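Undergrad: I'd like to ask some things about the structure below.
Please treat every number below as a calculation from the coordinates, not as lab data. All values reported here derive from a predicted model rather than from experimental measurement. Every residue, glycine among them, receives a Cβ derived from its backbone with ideal geometry; neighbour counts consider all protein chains shown.
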Amino acid sequence: MATIGDILNEFFSPFSKERLWVMPENDNYTRKVSTWNPVIQSVNRAKFNLSTNCSTWQTLYVSQPSWKPMMTNSPKPGAYRDFVPSPPGTDPDTCRNAFIIYAGSTAIEITNPVLIPLPAIQTDDLYFCSIGSFNIYTTVDAINCAAKTATMNFWMYNAMSRTSFGRFASQPAFALSGMKTQYMWWNWVETVDWSSGIVRTVPRTSSGRRW
């Protein structure tokens, strides 16, 4: 179960290493991003495209079980891509303020002489602004154009790199930071039905599929 603090700690560490973060649908971070409005809008665009171009999805955008997420900026092959550039709430000032809150709470946690745990403060702003621009790659695990139903497999991708932080990356506070690229993938599955003319998500009875 990943937190944005885990990823930021790796990124800013003097001993930072490139790392692959794969967060399935039961991960707290995935649960957060799947309720973020820019993600909801992106997902809805994919659902609408599927409902109006089912035969195309049935031919071109079918899930390949052999595919696994990797440390790469290359698009996921054979997937419907929706790119969301710099969504609201990912501007430098919002991210700086959220990071100051996190860094300050971390310092208090380290120096706290009391044995009562003081968890670091990781706001939703910190979770979302650390993503910035992102891609969502969608395929179908199952599809029935006649019945107008499909199981959609969403993979959301972002790479946290030095360029992600723009001018802030060169500030003295980060002089010793390694800032090695962190490759982040979030995954979840939804079953949809558009037989009524309106795309709706079919409730699931279990936590479902994992990659």
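Undergrad: Once amide H atoms are built 1.01 Å from N in the peptide plane, which residues 5 or more positions from residue 23, or in another chain, come under 5 Å H to H?
TA: 185, 186, 187
Undergrad: Further question on the same structure: Going highest first, how would you order 63-72, 3-12, 43-52 by mean Cβ packing within 10 Å?
TA: 3-12, 43-52, 63-72
Undergrad: Provide the gained length on full extension for the span residue 45 to residue 141, in nm with one decimal, where the gain is 0.36 nm per separating residue minus the Cα-Cα distance.
TA: Result for the pair: 32.8 nm of gain on full extension.
Undergrad: Give the cross-link partners of residue 47 among the aspartates and glutamates, using a straight C-alpha distance below 15 Å as the criterion and excluding same-chain residues fewer than 8 apart.
TA: Candidates past the 8-residue exclusion: 82, 141, 190, 193.
Undergrad: Show the residues, 5+ positions off or on another chain, whose built amide H is closer than 5 Å to the amide H of residue 63.
TA: 140, 141
Undergrad: What list of ³J(HN,Hα) values in whole Hz, one per residue of the range 35-40 in order, does the Karplus curve 6.51 cos²θ - 1.76 cosθ + 1.60 (θ = phi - 60°) give from phi, with Gly and Pro shown as x?
TA: Karplus values, whole Hz, x for Gly and Pro: 9, 6, 4, x, 6, 4.
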